[in-house]
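J.: My structure is below; once you've seen it, I'll send some questions.
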Amino acid sequence: MKYTKEHEWLRVEGELVVVGITQHAAEALGDVVFVELPEPETQVAAGDEVCVIESVKAASDILAPVDGEIVEVNEALSDNPGLVNEDPTGTAWFFKMKIDDLAVLNDFMDEDEYNELIG
Amino acid sequence: MSGGKGGRVSDLKRLALHDLHVALGGKMVPFAGYEMPVQYGLGVMKEHLHTRAAAGLFDVSHMGQVILRPKGSYQDTALAFEGLMPVDVLGVAEGRQRYGLFTDQAGGILDDLMFANRGDHLFVVVNAACKEADVAHMQAHLSDTTGVIAVTDRALLALQGPQAEAALARIVPSVAAMRFMDVAQLPSGYGELWISRSGYTGEDGFEISVPEAGAGALARALLDMAEVEAIGLGARDSLRLEAGLCLYGHDIDTTTSPVEAGLTWAIQKPRRAGGAREGGFPGAARILRELADGPARLRVGLRPEGRAPMREGTELFTHDGTALGQVTSGGFGPSVEAPIAMGYVPRGQAEIGTTLQGEVRGKRLPVTVAAMPFQPTTYKR
């Protein structure tokens, strides 16, 4: 698993990258009440706002971590946004991306580096 | 992920119970010049639901507590206080509390408050962000008749929910006999408690002013009871929104009149046209005119379709694109299990059931004008 400084996790699954938010982020957001997912088959650039998460406190965005195509989104989050709090690093993934070169993931933090970030 | 708000914690005042909040796992955030617990370990959703199901303890010591001590008769003080509000102060019986609001010359709202007749004086509770201005305002206008005394050595706790009575009655049994908006000064092992049967959640419950020296022990004693949990500001906000209650600085301020805000119930007959003490408060011309002719716009309840909340600042439109106004408070209602909001729209669009549009992240989404409260209140009348 790799991590972004925006508190997303990235997991390689075959040739796809699965994206979600970390336990730390889920706790900071508080109870999630609404998730707006992107359309599948959307080309995105790193830094694009691709999802909206509304918690009881505020709205936050999920940014595309890298350039690529969103190929699948987790519809279960639309019906049950609370999954983000229950299982942020498992069943509450947000989307899967196809990217040109999985090697770009090496630029992101590993678990130790991320744990140091959130201290 | 991006978003969220920071805030400087330096320069902030600390509550008398600060260490208790930290020990309870409270997440402290800046609010109205204080470090306040926005939530504890349960989180906003569970804290909200616990308050509706059992009892929640809130520390609202940031609010201003003020005594109005007559220099002459109680009646002179009550009448002078009426000079600041479109409210019948004189008619409040001893041992009773009433909602009030300070108005300005333009008929806007300077603050909203609770005041109680305590026999030989009045006790007033005002919003934290306004308290210095409110005390100055009262001193400027009441000093001929009244000593205005800010109470700075007492904490203020709120115990809210269906089991609040059972919990508090273990400490002060006589609270069980109080009705909604009754007040009492009762001795206890924690010092004299100034209790009102009221709150800001739509639930039955109490607000308890306690000497700071006894506040920590009282809070601990209540929290040790099985039905009581500590509740933060986050749930306080969602609870009051479900109850349709205004938050000063958001739903009401100097740009809104009491009539626009739908607070006409707070303007009793003696202060209205034809009443025994008609007018005689700041902004009376506008407020009496709006009472007679109706205001140009009204605060309404709003229910967005779907699950996306419409938060404060969301712009409201008709279906043909005419701008109407804004959402002033909005979020997700944990008990109604849906997004809810309130905001201002022209009177012609304020009918319950009217469908409008709210713009969320560039998209116009349907939202329906709805009755408030969103969640039925359970006051013990």
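Read-outs throughout are calculated quantities, based only on the coordinates presented, and are distinct from any laboratory measurement. Bear in mind that the values here come from a model prediction, so they are computed numbers and not experimental data. Counting neighbours? That spans all protein chains shown, and the Cβs are built from the backbone with ideal geometry, glycine included.
J.: Taking into account only those residues within region B:306-318 that are farther than 17 Å from A:ILE53 by Cα and of a type outside the set (Gly, Ala, Ser), which is farthest from the chain's Cα centre (by Cα)?
T.: Ranking the candidates gives B:THR318 first.
J.: Follow-up. Could you please let me know if A:GLU72 is of a type in the set (Asp, Glu), touching a residue at least 24 places away in the same chain (Cβ under 8 Å) and either touching a helix residue (DSSP H, G or I) at 6+ places or on another chain (Cβ under 7 Å) or in a loop (DSSP other than H, G, I, E, B) (or both)?
T.: When the stated conditions are applied, A:GLU72 does not pass them.
J.: Follow-up question, since we're still on this one. I want to confirm something. Restricting to region B:86-104 and keeping residues that are farther than 14 Å from B:MET181 by Cα and among the charged types (D, E, K, R), which single residue is surrounded by the most Cβ atoms within 10 Å (Cβ to Cβ)?
T.: If we take residues in region B:86-104 being farther than 14 Å from B:MET181 by Cα and among the charged types (D, E, K, R), then B:ASP88 is surrounded by the most Cβ atoms within 10 Å (Cβ to Cβ).
J.: Restricting to region B:189-204, give me the number of residues that are in a loop (DSSP other than H, G, I, E, B) and over 24 Å from B:LEU113 (Cα atoms).
T.: Number of matching residues: 1.
J.: Okay, moving on. For region B:21-106, give me every one of the strands (runs of 3 or more DSSP E) that falls completely inside it and has 3 or more residues that are of a type outside the set (Asp, Glu) and over 30 Å from B:ALA284 (Cα atoms).
T.: Working: elements: B:27-31, B:34-39, B:55-59, B:64-70, B:97-103.
Per the criteria, B:27-31, B:34-39, B:55-59.
J.: Still on this structure: Scan region B:341-381 for residues that are in contact with a helix residue (DSSP H, G or I) (Cβ under 9 Å, 6 or more places away or on another chain) and under 23 Å from A:ASP61 (Cβ atoms) and report the count.
T.: 1
J.: Name the residues in region A:6-60 that are touching a Leu at 6+ places or on another chain (Cβ under 9 Å), more than 10 Å from chain B (Cβ to nearest Cβ) and part of a loop (DSSP other than H, G, I, E, B), would you?
T.: Correct list: A:GLU15, A:LEU37, A:ALA46, A:ASP48.
J.: Okay, moving on. Confirm whether B:PHE81 is more than 14 Å from chain A (Cβ to nearest Cβ), touching a helix residue (DSSP H, G or I) at 6+ places or on another chain (Cβ under 9 Å) and either more than 30 Å from A:GLU86 (Cβ to Cβ) or not hydrophobic (A, V, I, L, M, F, W, C) (or both).
T.: The answer is yes for B:PHE81.
J.: Every residue in region B:109-127 that is small (Gly, Ala, Ser) and crowded, with 20+ Cβ neighbours inside 10 Å, please.
T.: B:ALA116
J.: Sticking with this one: Would you point out the residue of region A:8-51, among those that are of a type in the set (Gly, Ala, Ser) and exposed (fewer than 15 other Cβ atoms within 10 Å of the Cβ), that is nearest to B:PRO334 (Cα to Cα)?
T.: A:GLY47
J.: Among the residues of region B:277-290, is any in a loop (DSSP other than H, G, I, E, B), surrounded by fewer than 19 Cβ atoms within 10 Å (Cβ to Cβ) and within 14 Å of chain A (Cβ to nearest Cβ)?
T.: no
J.: Could you tell me whether any residue of region B:174-188 is part of a strand (DSSP E or B), on the phi > 0 side of the Ramachandran plot and surrounded by fewer than 24 Cβ atoms within 10 Å (Cβ to Cβ)? Give the steps one after another, and end with the answer.
T.: First pass over region B:174-188, keeping only residues part of a strand (DSSP E or B): B:182-186.
This time we only want the ones that are on the phi > 0 side of the Ramachandran plot, so: none.
No, region B:174-188 has no match at all.
J.: Are there any pairs, at least 6 apart or on different chains, whose C-beta atoms fall under 7 Å, with the first in region B:306-325 and within 14 Å of chain A (Cβ to nearest Cβ) and the second acidic (Asp, Glu), and if so, which?
T.: B:ALA308/A:GLU36; B:ALA308/A:GLU54; B:PRO309/A:GLU54; B:THR314/B:GLU359
J.: Which one of these is surrounded by 15 or more Cβ atoms within 10 Å (Cβ to Cβ), out of contact with any Lys or Arg (no Cβ under 9 Å at 6 or more places or on another chain) and within 14 Å of another protein chain (Cβ to nearest Cβ): A:PRO81, A:PRO88?
T.: A:PRO88
J.: Looking for whichever is touching a residue at least 24 places away in the same chain (Cβ under 8 Å) and either within 23 Å of B:GLU229 (Cβ to Cβ) or more than 14 Å from chain A (Cβ to nearest Cβ) (or both) here; the options are B:LEU12, B:LEU90. Which one fits?
T.: B:LEU90
For (1) surrounded by 18 or more Cβ atoms within 10 Å (Cβ to Cβ); (2) among the basic types (Lys, Arg); (3) closer than 28 Å to B:VAL124 by Cα, each residue gets a yes or a no:
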residue: B:VAL29; (1), (2), (3): yes, no, yes
residue: B:VAL38; (1), (2), (3): yes, no, yes
residue: B:GLY41; (1), (2), (3): no, no, no
residue: B:HIS50; (1), (2), (3): yes, no, no
residue: B:MET63; (1), (2), (3): yes, no, yes
residue: B:ARG69; (1), (2), (3): no, yes, yes
